[in-house]
Amino acid sequence: MEENMAGWDLQPDSALYSLYRYWAHGGPGMIITGNVMIDRTAMTGPGGVVMEPDTSLIAFEKWAKVMKSGGAKALMQLNHPGRQMPSQFGRTALAPSAIALKLGRYSKKFARPVAMSCEQIHRVTHQFAMAAKRAKDAGFDGVQIHAAHGYLLSQFLSPLSNQREDEWGGSLQNRARFLINVVCQVRALCGNDFIVSVKLNSADFQRGGFSDDDAVEVVSKLSKLNVDFIELSGGNYESPAMQGTGDMSSALKPEAYFMAFAARIAQHSDVPVMTTGGITQLKTAEQVLEAGYDFVGIASALAFTPDLVKKWQQNPDYAGVKPHCDWQDKTLASLVKMAKVRRQLRRLGNDFTTMHNPTALWSLFLDVIHKRKMMKLYRAYCVEQTSTEKQETHSEQPEKATRYVSSHVVSGVPSRDL
Ligand SMILES: Cc1cc2nc3c(=O)[nH]c(=O)nc-3n(C[C@H](O)[C@H](O)[C@H](O)COP(=O)(O)O)c2cc1C
């Protein structure tokens with residue numbers, strides 16, 4: 001889950017270490033980070049962690065160490081938001097086509113997109129591969145490429161957001177080219193002793209969008225690329241099925257949102273498959289495994305009960321908690337649920353206990369305040385980096401490591417808590 005809790009320099013710091021320490025010792029077999037951005041100019045939200053080619057690895061090494069401290073594997077999820085970037089960043093969004101998000105009165109909250117050039121597509125492919133290599137260098141066991149939930153790679157897969165007429169649009173073969181190239185470059189740069197996973201939508205749940213038939217075909221393509229496992233989810237900002245609002249007709253709804261829907265994909269996949277969505281109970285997790293899945297993913301429930309897996313080991317009937325909001329406005333209700341979860345993540349990051357029934361309005365209010373604070377930090381950091389980069393172009397290029405140290409000293413910002 002995206003935590004929106006990065007330090008002032010867009011890197012993990014003590015709050016993220018605390019949060020992941022709770023999870024590391026809560027009994028999971030594998031921990032996947034919230035999405036880490038591969039470019040600081042393309043953010044899913046304020047407070048996001050960024051991994052660029054010259055980012056210092058010290059904070060990431062510590063993060064990986066904390067995540068693995070309970071014996072779990074540590075994966076970094078890598079993402080590019082494409083058109084799903086909030087407009088408050090004041091930047092133009094990259095997308096397959098210049099088609100803005102359709103969210104009614106909330107549409108203006110997102111940046112206007114421009115269609116990417118082939119050169120930009122190749123550049124972003126390289127950024128994914130470099131970020132994966134750096135994750136490996138920092139001690140992560142693997143990466144997960146985010147190609148679900150309507151972000152850039154998922155936008156390329158959907159015929160609704162991708163209306164290109166070149167080799168990157170039209171047929172599924174073309175729409176999947178970007179994702180396939182990213183996976184190939186990541187594997188080529190990171191080697192075989194590194195976990196490479198893809199998070200993919202089982203469908204967008206939008207008429208004319210990425211369908212379950214498309215998903216079966218993409219899974220088959222990925223299975224030929226030495227991908228270690230595929231996580232099946234669904235939906236995007238226009239149709240937030242990942243929060244259980246789509247028409248998934250899961251036999252276990254409101255638990256395991258995608259289980260029945262994606263079972264056909266799981267059964268036809270040569271690659272191990274994981275599904276995430278709505279799981280709070282051990283019996284549901286077991287049914288998911290019986291249905292042919294290899295892994296069970298849990299997100300929100302672990303924000304409320306970080307040691308849920310351990311609790312199941314002690315009491316198989318223990319039921320986890322997930323956020324609830326029955327407001328009529330589906331977009332607002334979805335924001336409230338996210339805000340409730342993020343509130344728990346921040347509490348854990350500050351070593352406070354979690355709340356089982358946080359109020360909607362207060363959670364939303366705190367979320368807005370927190371994001372404003374994070375946005376200010378983001379802007380300050382970008383301004384500082386730009387001026388440092390300008391100074392460097394007027395003098396001899398220093399070593400990368402020296403550059404980071406000096407920028408901290410110049411700004412007078414206290415060094416991070418390591
Ligand atoms: C606050 C929050 C942040 C999330 N951030 C991410 C993310 O960074 N990457 C991702 O793949 N999914 C993200 N998700 C989606 C979850 O991983 C998951 O697919 C979804 O919440 C359904 O699972 P759950 O019912 O167990 O929460 C996020 C969900 C929440 C609530």
(message) Is it the case, given these coordinates, that A148 is under 25 Å from K68 (Cα atoms) and within 16 Å of the ligand (Cβ to nearest atom)?
(response) no
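Only one of Q144, Q155 is buried (at least 24 other Cβ atoms within 10 Å of the Cβ), closer than 19 Å to A42 by Cβ, in contact with a Pro (Cβ under 7 Å, 6 or more places away or on another chain) and modelled with pLDDT of 95 or more. Can you tell me which? Don't jump to the end; show me each part of the working.
Details: Q144 fails: in contact with a Pro (Cβ under 7 Å, 6 or more places away or on another chain).
Matching residue, one of Q144, Q155: Q155.
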(message) Could you check the range 169-204 and list, in sequence order, the residues that are of a type in the set (A, V, I, L, M) and either touching a helix residue (DSSP H, G or I) at 6+ places or on another chain (Cβ under 7 Å) or part of a loop (DSSP other than H, G, I, E, B) (or both)?
(response) L172, A176, L179, I180, V182, V183, V186, L189, V196, V198, L200, A203
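Condition test on A132, is it in contact with a Gly (Cβ under 7 Å, 6 or more places away or on another chain), in a helix (DSSP H, G or I) and not acidic (D, E)? First the steps, then the outcome.
On the way: in contact with a Gly (Cβ under 7 Å, 6 or more places away or on another chain): no; in a helix (DSSP H, G or I): yes; not acidic (D, E): yes.
No.
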(request) Look at the range 226-249 and say how many of its residues are modelled with pLDDT of 85 or more, among the aliphatic types (A, V, I, L, M) and part of a loop (DSSP other than H, G, I, E, B). (result) 1
(request) Only residues in the range 292-305 that are without any contact (Cβ under 8 Å) to a residue 24 or more places away in the chain and closer than 15 Å to F229 by Cβ count as the first member; pair them with residues that are in a strand (DSSP E or B) and near the ligand (Cβ under 7 Å from one of its atoms), Cβ under 8 angstrom, at least 6 apart or cross-chain, and list the lot. (result) V296/T276
(message) One residue is enough: does the range 127-140 have a residue meeting the conditions within 16 Å of the ligand (Cβ to nearest atom), at pLDDT 95 or above and closer than 24 Å to A263 by Cβ?
(response) no
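Within the range 102-126, take every residue that is assigned to a helix (DSSP H, G or I) and hydroxyl-bearing (S, T, Y) and give me the one that is nearest to the ligand (Cβ to nearest atom).
From the range 102-126, those assigned to a helix (DSSP H, G or I) are 104-109, 118-126; that's our starting set.
After this cut, where a residue has to be hydroxyl-bearing (S, T, Y) as well, the list is 106-107, 125.
Working: Y106: 17, S107: 21, T125: 20 Å.
By that ranking, first place goes to Y106.
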(message) For the range 267-283, which positions are within 15 Å of the ligand (Cβ to nearest atom) and within 24 Å of the chain's Cα centre (by Cα)?
(response) V273, M274, T275, T276, G277, G278, I279, T280, Q281
(message) Here's a check for you: in the range 337-353, which residue that is more than 11 Å from the ligand (Cβ to nearest atom) and among the hydrophobic types (A, V, I, L, M, F, W, C) is farthest from the chain's Cα centre (by Cα)?
(response) F352
(request) Kindly indicate whether A93 is away from the ligand (no atom under 16 Å from the Cβ) and buried (at least 22 other Cβ atoms within 10 Å of the Cβ). (result) yes
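Of the residues A333, A360, only one is over 21 Å from Q77 (Cα atoms), in contact with a Cys (Cβ under 7 Å, 6 or more places away or on another chain) and either away from the ligand (no atom under 14 Å from the Cβ) or among the β-branched types (V, I, T) (or both); which? Even if it seems obvious, please write down each step before you answer.
Working: A333 fails: either away from the ligand (no atom under 14 Å from the Cβ) or among the β-branched types (V, I, T) (or both).
Exactly one residue qualifies, and that residue is A360.
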(request) Would you check if there is a residue in the range 259-277 being in contact (Cβ under 8 Å) with a residue 24 or more places away in the chain, in contact with a Lys or Arg (Cβ under 8 Å, 6 or more places away or on another chain), β-branched (V, I, T) and within 26 Å of W63 (Cβ to Cβ)? (result) no
(request) Can you tell me which residue within the range 284-306, out of those that are part of a helix (DSSP H, G or I) and farther than 28 Å from T353 by Cβ, is nearest to the ligand (Cβ to nearest atom)? (result) V288
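Could we say that S161 is in a loop (DSSP other than H, G, I, E, B), buried (at least 24 other Cβ atoms within 10 Å of the Cβ) and of a type in the set (S, T, Y) here? Before you say what the answer is, go through the steps one by one.
Numbers: in a loop (DSSP other than H, G, I, E, B): yes; buried (at least 24 other Cβ atoms within 10 Å of the Cβ): yes; of a type in the set (S, T, Y): yes.
Here the answer is yes, as S161 does meet what is asked.
The values are calculated or read from the model by the stated rules, or taken from the named source; none is laboratory data. Keep in mind it's a predicted model, so treat the numbers as computed, not measured. Cβ: placed from backbone, ideal geometry, glycine included. Neighbour counts: every protein chain shown.
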